[in-house]
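Below is one structure, written out as structure tokens; comments come after it.
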Amino acid sequence: MPDKDPCDDIEGPAGAYCDSDGSGPPDGGGPPEPDGGIGLTDGASDHVRDLAEYLIKKINHLLAPDKVWAPEEAESALYAPFLWLGQHLAVSILVCVVVVCALTAWQGAPRMRQMGASTGWTLAAVAGMASVPGAVTMLNKAVSAAFKAAFNSSETTLFTKIRDDLENGADAGSPLALLIIISALVVALAFALVVFMTRQLGILMFVCMAPLVLASLARGGDMTAVKRWAMRLLGLMFAPFALLLISPFVDRFGGSLVVDAVLLVAADALMLRMIFHGVPYFGPRVAGALRTVVERNTTHPLAHAVVRAGAPDVYERENSPRVPRTVDTPARAAHQDRGVLLGAYGIRQTERPARLTTPSAVAKARREESDRADRTAQVSQARRQVRTAVQPRPPAPRGQAAGPPPQAPATPRPAAPDRPTNH
């Protein structure tokens, strides 16, 4: 009985390799690779690309969501109480204007014009109150679509360049470069989550404030509070477009995953800066809290520099003329906006006095001490130069011509005036 070939029990490509003479399969190739000819390295690279693509999609979704937490209709349980309060407040203001105009009817045409203007602006305000949720929802969808189109259509945008460099970059096959870009994307995802939460809460707050702000138009068309409210809301909604400022640098310095990671960190700092300046009330507090978390849990100087650039130190405004430019703290910004809104209703608010906080006072004292030391050093140097110029030279030795006499200072000291004598 012939011996059984042990290769008969092996099936698949391994059996074909067993039947060969050890130099390879019958077609002359090497040992078969698993997964249909895809090696271990190629499979890992594909997984890294899939992970990067997943992170980029999540970042885009957080920066430009299709939906907001703000109500879409005026009948929403969250928006209805504010709408009711705004409508009744507008009607109450109109009634007060009509009563005042009736009591002072002897003034004639001016009071009639005031009553007519108040009536027209009240109707416009009441009509606009119910349209704010729908308008904000439509604007958010337009902003989200524009953001995604801008970041996916052009080859000079950051995320598109990262996708391209993962396949064709100069360091696409380097494990270290892949690790750096994945780490940068994870950090960017955390920043995008902070931006998402801040924008959603801020938009919700501004939508709920809309009836109270629009009701101020009933006094006769005072647009101050409405302009302030609209500018804050639009700045909050268009905050993700700040990342487009990175596009020129992507086109010029792109081509490497490490450079893309550096640009992504710069984009994170820019997003943090937009949180700081985009939301007037709790944006600076969110940015400051994020900076505190990073500084407490990280000792890397680059991370500290990024969060300090995105969320700088904020002091109260100072009255001293020799201080660097400061920005409003969250409390002062809220106080100013509240003063504008109360002023639209005819209520005057006392201005908040400028003051120095403890860190600001310490920094100011250090600056003044440094300036004083610089001025003292300059004065000492000038005095030494003057003493050197007026100091008499030693006599020249015999047989040598004497040099020119030392020059007197350009501005001689004036003679002292004669003192009057007492008789």
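The values are calculated or read from the model by the stated rules, or taken from the named source; none is laboratory data. Keep in mind that this is a model prediction, so the values were computed, not measured. Because the Cβ atoms are built from the backbone with ideal geometry, glycine has one as well, and the counts that use them run over all protein chains shown. Keep in mind that these areas ignore ligands, DNA and RNA; they rest on the heavy atoms of the full protein, side chains included. Shrake-Rupley method; radii C 1.70, N 1.55, O 1.52, S 1.80 Å.
List of remarks:
- Accessible surface of H47 - all protein chains present, 1.4 Å probe, nearest 10 Å²: 130 Å²
- The range 243-299: radius of gyration and largest Cα-Cα distance (Dmax), Å: 13.8, 40
- Counting protein heavy atoms only, the range 50-189 has 69 percent of its accessible area on carbon and sulfur, 1.4 angstrom probe.
- Across the range 56-67, computed HN-Hα scalar couplings (Karplus, 6.51 cos²θ - 1.76 cosθ + 1.60, θ = phi - 60°) run 5, 5, 5, 5, 4, 5, 6, 6, 9, x, 6, 10 Hz from first to last residue, x flagging Gly and Pro.
- Largest first and in whole Å, the equivalent-ellipsoid semi-axes of the range 140-191 read 25, 15, 5, each the square root of five times a Cα gyration tensor eigenvalue.
- In the context of the full protein assembly, D222 retains an accessible surface of approximately 40 Å², using a probe radius of 1.4 Å and ignoring ligands and nucleic acids.
- Sequence ranges 195-204, 67-76, ranked by mean other-Cβ count within 10 angstrom, highest first: 195-204, 67-76
- Column: log10 I(q)/I(0), Debye, Cα scatterers of the range 116-247, q = 0.13, 0.16, 0.19 Å⁻¹: -0.70, -0.89, -1.09
- Integer Hz, Karplus 6.51/-1.76/1.60 couplings in order for the range 178-192, x for Gly and Pro: 5, 5, 5, 5, 5, 4, 5, 5, 5, 5, 5, 5, 5, 5, 5
- Residue ranking by accessible heavy-atom surface, 1.4 Å probe, largest first, among F191, F241, F253, F206 comes out as F253, F241, F191, F206.
- Cα-based Rg / Dmax (Å) for the range 47-96: 21.0, 69
- Computed over the Cα atoms of the range 80-147, the ratio of the radius of gyration to the Kirkwood radius (Rg/Rh) comes to 1.23.
- If you sort R375, R163, R113 by accessible surface, 1.4 Å probe, largest first, the order is R113, R375, R163.
- Violating pairs (Cα-Cα greater than 22 angstrom) within the set K58/K227; K67/K161; K58/K141; K58/K148; K67/K148: K58/K227; K67/K161
- Over the C-alpha atoms of the range 166-212, the Rg to Rh ratio, Rh being the Kirkwood estimate, stands at 1.39.
- Counting protein heavy atoms only, the range 222-294 has 71 percent of its accessible area on carbon and sulfur, 1.4 angstrom probe.
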